[in-house]
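These notes are about the structure you will find just below.
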Amino acid sequence: MRSFLPLTLVALVLVACGEPKPAEAPAGPAATSSKPADPAAPKGDDKDAKKAAALETLTQDESTKGQCDPEHQAALEKLRAELDAQVPTKAGEDGKPLALKPIFNRIVALGSNARSIEITLQGSLTQAHVMAYSAKDVSIDVLVGKAAASTMRSPLQRTALPKLAIELPKLGGAVELQSDSRLVELEKGQPIAVKMTGQGCALVVGYMKP
C-alpha cells in the first residue's frame with residue numbers, strides 16, 4: 001500500500017524552494033555628458049611639437065632668403081607700435097618717468113652671419129636702451145668703433161610690455177618672444193653699430209633720454 005505526503009506539506013515545500021532568481025546583469029559605466037575625445041585631434045604635446053616645428057621651418061626659411069614672411073613682418077610692426085606707445089610712459093627705479101623717446105627701429109632677417117646697423121645719435125651725453133625681439137633666437141651687441149659699448153642689459157628688456165608675444169595665425173596663435181638688450185652711455189654725435197645674430201626675423205629698437 002503506497003503512502004502519500006499530505007497535499008499541504010507538498011505545497012509548503014514548493015513555496016519554500018521557489019524558483020531561482022535570474023542573475024543580475026553587471027552595472028554598466030556611469031552615464032556621462034561629455035563627448036568622446038576626437039582621436040584625430042592633436043594632444044597638447046603634439047600641438048606644441050607641431051607649433052615648434054612650424055616656427056623652425058618659418059625662421060629657417062627667413063634666414064635662408066634674407067627676408068621676412070609677410071605675416072611675421074606685420075606682427076613685428078604691430079609689436080614696434082606697441083613698444084613706441086608704452087616705453088615712453090615707463091618710470092625709473094625712483095618712480096619718476098624716464099621720458100624715453102624712440103631713436104630708431106629695424107626689422108631684419110637674421111642668420112648665423114652677424115648683421116649690423118649703424119646709428120649716429122643727435123642728442124647730448126645720454127643713456128640709450130637698445131632692445132631686440134624675435135620669435136626664435138636673437139643676440140645683440142652695441143659697439144662704439146670695434147669695442148663693446150656695454151655688456152649691461154636694459155631693465156626694460158622684459159618689462160617694456162605686459163606680454164611679450166606676437167600673433168602668428170599660421171603657427172596656431174600667440175608665439176612668445178626671445179629677447180636681448182644693452183643699456184649704454186653715449187656721447188653727442190657718437191656713431192654706434194648694433195650687431196645682431198639669430199634665426200629668422202627680429203625687431204630691434206632704440207630709446208634714449210631727451
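The values are calculated or read from the model by the stated rules, or taken from the named source; none is laboratory data. From a predicted model like this one, the values you see are computed outputs, not experimental measurements. Cβ coordinates were reconstructed from backbone atoms using ideal geometry, including for glycine residues, and neighbour counts include every protein chain displayed.
Considering only residues that are among the polar types (S, T, N, Q) and either closer than 10 Å to ARG182 by Cα or not in a strand (DSSP E or B) (or both), look in the stretch 119-136 and name the one that is nearest to the chain's Cα centre (by Cα).
Looking at the filtered set, the residue picked out is GLN122.
In the stretch 61-109, what count of residues is obtained for those that are in contact (Cβ under 8 Å) with a residue 60 or more places away in the chain, within 30 Å of LYS188 (Cβ to Cβ) and touching a helix residue (DSSP H, G or I) at 6+ places or on another chain (Cβ under 9 Å)?
7
Which pairs do you get when a residue that is within 17 Å of VAL87 (Cβ to Cβ), found in the stretch 149-172, comes within reach of a residue that is acidic (Asp, Glu) and surrounded by 12 or more Cβ atoms within 10 Å (Cβ to Cβ), reach meaning Cβ atoms under 8 angstrom, with the pair 6+ apart or on two chains?
That search, which allows pairs on different chains as well, returns ARG153/ASP180; GLN157/ASP180; LEU161/GLU82.
May I ask you to list the residues in the stretch 116-131 that are among the β-branched types (Val, Ile, Thr) and either in contact with a helix residue (DSSP H, G or I) (Cβ under 9 Å, 6 or more places away or on another chain) or modelled with pLDDT of 90 or more (or both)?
Across the stretch 116-131, the qualifying residues are ILE117, VAL130.
So, in the stretch 157-175, how many residues would count as being part of a loop (DSSP other than H, G, I, E, B) and either buried (at least 21 other Cβ atoms within 10 Å of the Cβ) or over 18 Å from the mean Cα position of the chain (by Cα) (or both)?
Looking only at that region, the number is 1.
Can you tell me which of (1) farther than 26 Å from THR59 by Cα; (2) in contact (Cβ under 8 Å) with a residue 60 or more places away in the chain; (3) in contact with a His (Cβ under 9 Å, 6 or more places away or on another chain) is the one ALA135 doesn't meet?
(1)
So PHE4 passes all but one of these: (1) modelled with pLDDT under 95; (2) surrounded by 13 or more Cβ atoms within 10 Å (Cβ to Cβ). Which condition number does it fail?
(2)
Listed residues SER112, SER134; which is on the phi < 0 side of the Ramachandran plot, at pLDDT 90 or above and polar (S, T, N, Q)?
Step by step, each of SER112, SER134 is checked, and only SER134 is on the phi < 0 side of the Ramachandran plot, at pLDDT 90 or above and polar (S, T, N, Q).
Working carefully through the options SER181, SER116, SER139, find the one that is among the polar types (S, T, N, Q), crowded, with 19+ Cβ neighbours inside 10 Å and in a strand (DSSP E or B).
Only one candidate passes the filter, namely SER181.
What are the residues in the stretch 51-86 that are surrounded by fewer than 15 Cβ atoms within 10 Å (Cβ to Cβ), of a type in the set (Lys, Arg) and modelled with pLDDT of 95 or more, if any?
If the condition is that a residue be surrounded by fewer than 15 Cβ atoms within 10 Å (Cβ to Cβ), of a type in the set (Lys, Arg) and modelled with pLDDT of 95 or more, then LYS78 is the only one that fits.
Looking at the structure I just gave you, is SER150 among the hydroxyl-bearing types (Ser, Thr, Tyr) and under 21 Å from GLN73 (Cα atoms)?
no
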